[in-house]
1. Inside segment 259-282, can you point out the residues that are under 38 Å from the mean Cα position of the chain (by Cα) and surrounded by fewer than 17 Cβ atoms within 10 Å (Cβ to Cβ)?
2. Quick test of your reading of the structure: Asp90 fulfils all but one of (1) at pLDDT below 80; (2) surrounded by 10 or more Cβ atoms within 10 Å (Cβ to Cβ); (3) more than 30 Å from Ser140 (Cβ to Cβ). Name the failing condition by number.
3. Please go through segment 187-205 and pick out each residue that is more than 15 Å from Val239 (Cα to Cα) and among the acidic types (Asp, Glu).
4. Report, by residue number, each residue of segment 205-224 that is of a type in the set (Ser, Thr, Tyr) and within 29 Å of the chain's Cα centre (by Cα).
5. Asp234: charged (D, E, K, R) and on the phi > 0 side of the Ramachandran plot, yes or no?
Amino acid sequence: MAEKERKKKSFLERLRTKYFFIIRKQENFEERLSVRMSLASLIMITGGLIVVLIMLVISLVAFTPLREYIPGYADVSIRKDVLYVSLKVDSLEQVLEEKSDYIRNIRRILNDSADIGDTAKTSTNDTTKVNHAVAFKPPSHADSVLRTEVESQNPYNVPMSANGAKSGSNLNDYFFFAPLKGIITNGFNPAGNHFGVDITSKENEAVKAVLEGTVILSTWTLATGNVIIIQHKDNIISVYEHNSVLMKKSGDQVQAGDVIAIVGNSGELSTGPHLHFELWYQGSPVNPIDYITF
């Protein structure tokens, strides 16, 4: 027991014993460097250096491009790009197959063929969707007769009436609100490039929208002054020119009877305070007097 304690004490004493490390010059044994430390201090310094080196190596591997040269590591951005490209290719293949199936079905329909077995076999199965087989019935005799009749007609021949409106349409189905109550001083004359009517009224009288719609133009021009144009449903457009003040701007929604401007005398083509009003239907001007009571 005493022998073990003596050896233990001797080991601790050796660790605490101070040593001199001296570096001398070979030619004249001149002392260049001397360090005084114990064996315990040497072990601690060596261990600290090893820990620092390990941390430096880990930092280089984790935070620098050097990790790409270590087997098993790869650039994260490259892995993301590879994954994105693989998913994109898979999606493109599926879209291409669907387009091919669509074209094959169109060809079968044009050829009066109802067999879609080949298409169902070659289509790509999407695990995110539930695919159901679609069964087409062969066309009936009445369907074949109707198809022949429609194909024989000219699909681009749209009948037009004398005033430019499509046949079958009727502006009399609409109730137009009078834009201004007054006296018509100049009537509708398309031959003279006068595509509306001129209405005189009291000064500062309100100009109102004839139908519900959207303001598509609210601006000032040299010829027509303050002008406002409203787009209504069924391709009806109303135009209001020579106003003194505009109350609405482009994009505003208006109802029939809403005040949109104040009658005025703006623009070079104006000869006095009045409203120049135009009504267009299906791209052609119509006589407002036929549909509105001023």
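1. Pass one, segment 259-282, residues under 38 Å from the mean Cα position of the chain (by Cα): 259-261, 278-282.
Passing the criteria: only Val259.
2. (1)
3. Glu203, Glu205
4. First pass over segment 205-224, keeping only residues of a type in the set (Ser, Thr, Tyr): 214, 218-219, 221, 224.
Listed by number, the residues that qualify are Thr214, Ser218.
5. Values: charged (D, E, K, R): yes; on the phi > 0 side of the Ramachandran plot: yes.
Taking the combined requirement at face value, the residue satisfies it.
Per-residue answers, yes or no, for (1) exposed (fewer than 10 other Cβ atoms within 10 Å of the Cβ); (2) at pLDDT below 85; (3) of a type in the set (Asp, Glu):
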site: Arg16; (1), (2), (3): no, yes, no
site: Glu27; (1), (2), (3): yes, yes, yes
site: Arg36; (1), (2), (3): no, yes, no
site: Ser41; (1), (2), (3): no, yes, no
site: Pro71; (1), (2), (3): yes, yes, no
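For every residue, the table says whether it meets (1) modelled with pLDDT of 75 or more; (2) out of contact with any Asp or Glu (no Cβ under 8 Å at 6 or more places or on another chain); (3) part of a helix (DSSP H, G or I).
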site	(1), (2), (3)
Ser86	yes, yes, yes
Val95	yes, yes, yes
Asp112	no, yes, no
Asp118	no, yes, yes
Lys121	no, yes, yes
His132	no, yes, no
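The values are calculated or read from the model by the stated rules, or taken from the named source; none is laboratory data. As the structure is a prediction and not an experimental result, all values here were calculated from the model. Here the Cβ is made from the backbone with ideal geometry for all residues, glycine too, and neighbour counts use every protein chain on show.
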